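Notes follow the structure.
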Amino acid sequence: MNGDKLALGAVAALAALATLKRRGSRSIPAGFKKQIVAMINSGDPEQLQQVIEMNESFGSEGLSGMDLSGATLKFTDLEGVNLSGTDLSRADLSGIILENANLSDANLRGVYMLGPDLSGANLSGADLSMSILKDVYLTGNNLRGVNLSGAKLTDIELSGANLSGANLSGADLTGIRYNDTKWPDGFTPPPSNEVGKKKKARKAPPSSKVGKKKKARKATKRRRMSIA
């Protein structure tokens, strides 16, 4: 019964957002943000994805400042979404697509990230303390002032990343690879893990990930059409 109510609520939210878009609205009413939180807590990422895609029509506000703590967002496509100041603490972000997303000042304390797409994401000032990051490319990312204290980083690519002002106290950095990385003043990083880099080279080319993203987007479009 609750699932049926939630589905009806999602359809109503989509219809209302579509109407606001046609009227030229550039802001998202608080009620719709509450609807998104309800969908996340229900464990229904498909409905979440549909509302997020509609939210993109409302400019740069995105999901900024929302409380999504403890959410399960595995394999959700949040490419380019504004998540600045959002509370994602203890969330499961495995396989999530955050390409070019704004995560500045976001609360990511205690998150679990396995193989997310963070290419081009802005993580400046984000709190990643006590988090677990594995198989993550942060090449050239803005990580200025990020808090990685107590975090465990395994198989992480940090080449060209800017970590100036970052808090790395107690962080396990034994699994990182880097080149031309900007570190905090006075910080001496461990040797770059070239063994991990060689293992990466043997894996499937990045095109396989691109193919997955395209398939996911097509599936999402089909779902949106089915409820229109």
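The values are calculated or read from the model by the stated rules, or taken from the named source; none is laboratory data. The structure presented is a predicted model; accordingly, all values stated were derived computationally and were not measured. Neighbour counts run over all protein chains shown; Cβ positions are idealised from the backbone, glycine included. To get the accessible areas, we keep the full protein, side chains included, count just its heavy atoms, and leave off ligands, DNA and RNA. Shrake-Rupley method; radii C 1.70, N 1.55, O 1.52, S 1.80 Å.
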What does the net charge come to around I132 if you take all other residues with beta carbon closer than 12 Å to its beta carbon, with K and R at +1 and D and E at -1? 0
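When Lys and Arg each count +1 and Asp and Glu each count -1, what net charge do the other residues less than 11 Å away from G120, Cβ to Cβ, add up to? Intermediate results must be reported in sequence, preceding the final value.
Values: positive: none; negative: E79, E99, D117.
Net local charge, G120 excluded: -3.
Express in nm, to one decimal, how much length is gained between N100 and S159 on full extension, taking 0.36 nm for each residue of separation and deducting their alpha carbon distance.
Numbers: separation 59, 0.36 × 59 = 21.24 nm, distance 1.71 nm.
This chain segment gains 19.5 nm when fully extended.
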Give the average over all directions of the projected area of the C-alpha convex hull of segment 65-187, one decimal, in nm². 5.8
Let me check something: with ligands and nucleic acids excluded, how do M130, M113 order by accessible area (1.4 Å probe), largest to smallest? M130, M113
